Every structure is written in structure tokens, then in C-alpha cells.
1. How large is the accessible surface of residue 269 in square angstrom, using a 1.4 angstrom probe and rounding to the nearest 10?
2. State the percentage of accessible surface on segment 102-177 attributable to carbon and sulfur atoms; use a 1.4 Å probe and exclude ligands, DNA and RNA.
3. By its C-alpha gyration tensor, with a ≥ b ≥ c as the square roots of the eigenvalues, how is the chain shaped: rounded for a/c under 1.5, else prolate for a/b larger than b/c, else oblate?
4. Could you rank the peptides 213-220, 346-353 by their average count of other C-beta atoms within 10 Å per residue, with the highest value first?
5. Going 7 Å from the Cα of residue 283 in the Cα-to-Cβ direction, what parts of segment 173-217 have a backbone nitrogen less than 14 Å from that spot?
6. Per the Cauchy relation, a quarter of the hull surface: what is the mean projected area of the convex hull of the alpha carbons in segment 66-211, in nm²?
7. In segment 295-377, carbon and sulfur make up what percent of the accessible area (probe 1.4 Å)?
8. Take the Cα coordinates of segment 348-392, assign each an equal point scatterer, and use the Debye formula without solvent to give log10 I(q)/I(0) at q = 0.13, 0.20 Å⁻¹.
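The values are calculated or read from the model by the stated rules, or taken from the named source; none is laboratory data. Since the model is a prediction, treat every value here as computed from it, not as a measurement. Ideal geometry is used to build each Cβ from the backbone, glycine not excepted, and the neighbour counts take in all protein chains shown. Surface areas here come from the heavy atoms of the whole protein model, side chains and all, with no ligands, DNA or RNA. Shrake-Rupley method; radii C 1.70, N 1.55, O 1.52, S 1.80 Å.
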Amino acid sequence: MFRHRPVRSAALVLGTALAALTATVPAGAHPAGSTRPLPGVAPRAETAPLYDDEAGGNADADDPAIWRNAAHPDRSLVIATAKEGGLRVYDLDARQVQSVPAPPAAGPGDAPGRFNNVDLVHGLRLPSGRADVAVTTDRGHDRLRIHRIAPGRPGGPLVDITDSAAPPVFSADQAEINDQDTAYGLATWTDAATGRSYALVSRRNRTTVALLELTPTPRGTVTYGKIRSLDLPSSFRLPNGTSWTPCGEPGELPQIEGMVVDPANGMLYAGQEDVGIWRMRADLTGAAPKLVDRVREYGVPAVYDEQSEECAAGADPGFGGTRLAADVEGLTLLTEADGDGYLLASSQGDDTFALYDRELEDAGEYEGGFRVTATADGAVDGSEECDGAAALNAPLGTRYPRGLLVVQDGHDTPVDGGRDATNFAFVDLGEVLERVDG
């Protein structure tokens, strides 16, 4: 029997005790310690709300990716996950142009399809020629789903080309799949030296990241095979000599979701939600992963209470960072023509975004932050508890000539009859850079 366990971040449910942890860094304050508030940037548009209830098809916005139509930039697309609602495809006006359902459950009582994260591979070699594809983690079935992007195709641009024999990513059988310790976070990577394309996939409730090679078949479908995997730490030695493990439900380890690979140097950035941001080689070899920034709650002792299903926090020993409030979520790259640019991270716990220098020689230096706020007239709301984000620093026609940032909004407002709603906000990337650099 499929046991549905809602995604729960321990750091987000520590209760009022956690409020004191950020007292020295007020919400929205400049992380360097001053009281100067972070700049706000309002979206240009937002998608229609998605409702995570039966009437709404259990659709819940999570993670976006931006596909640029090189021939017609104005016709570029945003491809986004909606969990049990499958995939949604939007145009640059944030209007839906296609809805792709998640696959049904394998059998009675089994887990249904649930699309968690999405990323793109450009120029994947198929028997019919090179094509851009969207790769998605289907956490319900513990598989990857691959869709070819065919702009202008009647019925919508996404065509499912997942091979029917594609195996589970982590699970040995359907019983393990139903436990839902399955494929979760995702980042794609094409090795410039070999031209081979990969997906890096994290495992829900575990610290594992697996490297999978994407393999086209003679039938025109795409499958994958595991190359190797790596386990990030689940407990940490603190400067005072004690050991710390992030609080969570019994048996659950501090998981990773947001991930992105820098194509310039083949480095993977992975967000361990209650810990911080790691950097490592995308092929999962070589030097040990490096923790480049910590969440503020890092090192804070907490005890899980089974009755309330929450974690009660103790005193903050002061070993955490100053820029990220758990969970650290969506990671995306903002590249620039001169090779510079930023790693952008969603600081879900305080509704902000942090930017880090992506050049290795600068050691991930913090470059600033911002919020996505509502428009002045309130017609479009901002972003709260952002799960996923995607940035593309390239001209996208007349709507976004300076590039686009798409962020998930975990609390779309106004609500309809008390229903919980989520959606995606479209932000002018040029405005973001102006505010941060200013």
C-alpha cells in the first residue's frame, strides 16, 4: 500500500522557538549585519493558481525551467512541475499552453506519478537528430521522465520519449517505491569533453546523489543508467566538539533537492535543505564535497515530538550562516557573457534569494540578495516559501529583452475559498541585477 507522507521540512516547523534564531538578522535585513533591507523586485506576470486538492487535480507548483526558442525568442517557454498534476508549459505571458499528466499508479494502492523537479538538456542526440529535452524526476514511480521539446507541435510542444523499460532510480521493487524514498531533486549536465549527457538525482529522505547517464535508444526513446552515487553527511562535527544532526522524523535523513551544474567548470551545487549549499564535481569524483554556505539553523539542537509532528529547537550555539534560512531550496545559475555570474539560491525560510559569485577563484563570495514582492497595485503577488527557481540571462524577445527569472510561489494570493494555492512568478532578470548591483 502506498503510504503518502507529506514533504515536511523540520526547519520550517520548529515553531516559535526558531524565531529567536534570526533575531540578530531581521527578516529581510542585509545579511552582513546592517539593518538595510534587501531590495524588492516585482514580477511582470504570474501563472494561474494550482490547487493541491481533488478538485484541482492535486496540482502543486514546484520547479521551473526556461527553454529559449532561438529562432523565435518571443515564443520561448517555461516548463514547470506540478507534482501529481504533472507538467505545465507556459508562454512568456504566463499563459498555459500545455498540461502533461503524471503517469497513473502502477496498480491499486500504489503511488501515483508525482513530478518533482525539471531541467533541460540541449541538443541530445536522438536517431531523428539532435533535440532539446526536458528531464523530470517522477518521485511517485522513482523514475526519470523525458520529453522532447517540439515547438509549434499541435497539442503542445512536449512529447514523451521515456523508454518503457527505464528502471527505478533507487528502489529495488514496487514496495520500496511505495515507501517514497525516491527520485527527488534534479540537475542535468552535458560533459563538454565527451558530449555525453547526464542527470544528477537526489533521493527523498536520504543524503544520496546519483549520477545517471541519459542514453537514447534506436527506437527514439531515452533511458538511463546509474554511473555512481555519493552520500553527503547526515551529521556534523561542530566547532565546540559536539555532533549535530538536523532534526527530522524518525528514519529520515537531511535530504537534498535544489541542484544545478555550472557548465563552465563541471561543478555541481546541491542544496541540503536543513544544512546549506554543497559544491562538488558533477561526475561525483575527486575532492570531497565542500560546504560553501550554511543555513542559519545549522548546529541548532532540536528534538522531534511525535505527538505534534514538529521539532522543538534549543538554544542557538551560533555556528550557522547569516544569509540562508532553512530550507535552502531552488538553485539556479545566472551566467554572464564574460564568464562571470551568480549562483542563485532560494532562502525559503525567510522568503529571500541569495546570490553568490560562481567563479571558483572567488570561493562562492556572497554578492547580495533580494525579495520577489507584489506589484504596487497588488494585481500580482510576490513569492513566499519558494521551492524552485530558474534564471536565463539571454534576450527573450520584447517581453524580457534582459532575461527572465521564474520563481515558485508557495502561497499564491488571494486564495479561492480557503484553498491552498501555488503558482509561478515571472520576473525581469534585468531588474533583479539592477537592484542587487545598486
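1. Its accessible surface works out to 10 Å², give or take rounding.
2. On the way: 1510 of 2950 Å².
The nonpolar share, carbon plus sulfur, comes to 51 percent.
3. Values: a/c = 1.33, a/b = 1.16, b/c = 1.14.
In terms of gyration-tensor shape, rounded.
4. Values: 213-220: 14.2, 346-353: 25.4.
So the peptides 213-220, 346-353, ranked by packing, come out 346-353, 213-220.
5. Under cut-off, by backbone N: 190-198, 211-213.
6. It is 9.7 nm².
7. Details: 1380 of 3270 Å².
On segment 295-377, the fraction of accessible area on carbon and sulfur atoms equals 42 percent.
8. -0.40, -0.78
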